Amino acid sequence: MKKILSVGIVFSLLIMLLAGCAAEPAQPAEPAEKEVIIEPVSLRLAHNLNEQHTVHLALVEFGRLVDEKSEGGMKVEIFPNAQLGNEQEVLEQLQAGAIAMTRVSAAALTPYEPGYNAFTLPFIFADEEHYFASMNSDAVKELYQSTLDKGFLGLTYYTSGSRSFYTKETPILHPDDLKGLKIRVMGFQSQTDMVLALGGTPVGMPFGDIYTSLQSGVIDGAESNETALTNSKHGEVTKHFSYTKHTMIPDILTISSTVWKSLTPEQQTIIQEAATESTEFHKPLWTAAIDAAVKEATEVMGVTFHEVDREPFRNAVVPMLEKYKNEFPEVKALLDGIKELE
């Protein structure tokens, strides 16, 4: 009897418990948290070189490093071959923040900052070692920052080698050899002044017109690095390359001030580190390209390469350099800083 009573009590309690649970309103399920997807920062980089150029390859490496260092948080989209415009046009887009970055010759930056004129002047670097030391100096880093309020700033440089004279018939072994010769120059004043100081006749024209102008006799020679002989076939119509090594004009990788300020300090550090590392990546590529150009020009095109005593050339342009120092205090400050590293 007691056993039956106990079972009845347990059964009654169970009925009451179930009734209580049924009366209690159901609680709404917790809403699932939405996954937040953060899109990577997209950085558009435009330049006017082709995909085979060593600087383009360095920029591809720059993009890879940015992606790697940011763990996919930043992506660099590269537009080569002047797809978005020439150097002047992309610089204007850079200032407006329409693109993030561009690579241009240091000469293209002279209208925005007079200090960049220093890189277009002859014989400011004693040799390649002095050039590399100078480009890594505090003076050049300050120059990079000087255009921040003008819409862009510099990140790093890429070497474009040294520029020398190459001619159809007469090798340029002394400034006197330039007398009476018409030499193509780039379209900025320091190049014109340099050839005049050395005794030649400067002729400004687009790079694309050099081959036919040499062929027809409109000009007697030009000045550039060794790759012009092969990549642009100038070695077919000029047979003497004289190592005056009068200028070493770097390419500069720049970034929009608007874009730069929009990045976090960590992102800025990643961009700067990747830029610096891409410069080191580029150096052996450039050396290999020069070696290949010299080999092809010598063996296939019949070009003769001449070593030159550079001192008479250096002495001939001293008055010109003093003129630029007096005219542009920014140039003088930079040249003084570079001179200390010689």
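Considering every residue within region 99-108, establish whether at least one is part of a loop (DSSP other than H, G, I, E, B), touching a residue at least 40 places away in the same chain (Cβ under 8 Å) and out of contact with any Gly (no Cβ under 8 Å at 6 or more places or on another chain). Looking through region 99-108, at least one residue is part of a loop (DSSP other than H, G, I, E, B), touching a residue at least 40 places away in the same chain (Cβ under 8 Å) and out of contact with any Gly (no Cβ under 8 Å at 6 or more places or on another chain). Of the candidates ASP138, ASP177, the single residue that is modelled with pLDDT under 95 and either in the same structural domain as PRO122 (by TED's automatic domain parsing) or acidic (Asp, Glu) (or both) is ASP138. The set of residues in region 202-219 that are of a type outside the set (Ser, Thr, Tyr) and either farther than 17 Å from MET186 by Cβ or assigned to a strand (DSSP E or B) (or both) comprises PRO202, VAL203, GLY204, GLN215, GLY217.
For (1) under 26 Å from HIS174 (Cβ atoms); (2) β-branched (Val, Ile, Thr); (3) in contact (Cβ under 8 Å) with a residue 40 or more places away in the chain, each residue gets a yes or a no:
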{"site": "THR269", "(1), (2), (3)": "no, yes, no"}
{"site": "TRP286", "(1), (2), (3)": "no, no, yes"}
{"site": "ALA292", "(1), (2), (3)": "no, no, yes"}
{"site": "GLU342", "(1), (2), (3)": "yes, no, yes"}
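Contact map, region 137-153: residues that are closer than 13 Å to ALA333 by Cβ paired with residues that are assigned to a helix (DSSP H, G or I) and not polar (S, T, N, Q), Cβ distance under 6 Å, separation 6+ or inter-chain. Pairs shown: ALA139/LEU334; ALA139/GLY337; LEU143/GLY115.
Would you mind stating whether ALA222 is part of a helix (DSSP H, G or I), outside the structural domain of PHE132 (by TED's automatic domain parsing), more than 23 Å from SER134 (Cβ to Cβ) and touching a strand residue (DSSP E or B) at 6+ places or on another chain (Cβ under 8 Å)? Answer is no for this residue.
Every residue, every condition in (1) of a type in the set (Lys, Arg); (2) under 20 Å from THR120 (Cα atoms), yes or no:
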site	(1), (2)
LEU285	no, no
PHE305	no, no
ARG314	yes, yes
LYS323	yes, yes
ASP336	no, yes
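A Cβ distance below 8 Å, combined with a sequence gap of six or more or placement on separate chains, defines the contacts here; from region 72-86, residues that are within 18 Å of HIS53 (Cα to Cα) reach residues that are polar (S, T, N, Q) and exposed (fewer than 13 other Cβ atoms within 10 Å of the Cβ) in the pairs GLU77/SER42; PRO80/ASN50; ASN81/ASN50.
Each residue in region 178-209 was checked for being touching a residue at least 40 places away in the same chain (Cβ under 8 Å) and among the acidic types (Asp, Glu), and 1 of them qualify.
Report the residue count in region 148-201 for those that are aliphatic (A, V, I, L, M) and under 26 Å from the mean Cα position of the chain (by Cα). Reasoning before the result, please.
In the first step, residues of region 148-201 are kept if they are aliphatic (A, V, I, L, M); the result is 148, 153, 155, 172-173, 178, 181, 183, 185-186, 194-198.
After this cut, where a residue has to be under 26 Å from the mean Cα position of the chain (by Cα) as well, the list is 148, 153, 155, 185-186, 194.
Selection size over region 148-201: 6.
Note on region 206-218: residues that are farther than 21 Å from GLY161 by Cβ and either touching a Pro at 6+ places or on another chain (Cβ under 6 Å) or not acidic (Asp, Glu) (or both) amount to 6.
The residue pairs whose first member lies in region 43-60 and is farther than 13 Å from VAL104 by Cβ and modelled with pLDDT under 95, whose second member is not in a loop (DSSP other than H, G, I, E, B) and not acidic (Asp, Glu), and whose beta carbons are closer than 8 Å, counting only pairs six or more residues apart or on different chains, are ASN50/HIS56.
Let's see how each residue does on (1) under 16 Å from the mean Cα position of the chain (by Cα); (2) crowded, with 18+ Cβ neighbours inside 10 Å:
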{"residue": "VAL60", "(1), (2)": "yes, no"}
{"residue": "GLN83", "(1), (2)": "no, no"}
{"residue": "LEU91", "(1), (2)": "yes, yes"}
{"residue": "ALA100", "(1), (2)": "yes, yes"}
{"residue": "ARG103", "(1), (2)": "yes, yes"}
{"residue": "ALA108", "(1), (2)": "yes, yes"}
{"residue": "TYR112", "(1), (2)": "no, no"}
{"residue": "GLU128", "(1), (2)": "no, no"}
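The values are calculated or read from the model by the stated rules, or taken from the named source; none is laboratory data. Everything numeric in this text was worked out from a predicted model, so none of it was measured. In this analysis, Cβ positions are derived from the backbone assuming ideal geometry, glycine residues included, and neighbour counts consider all displayed protein chains.
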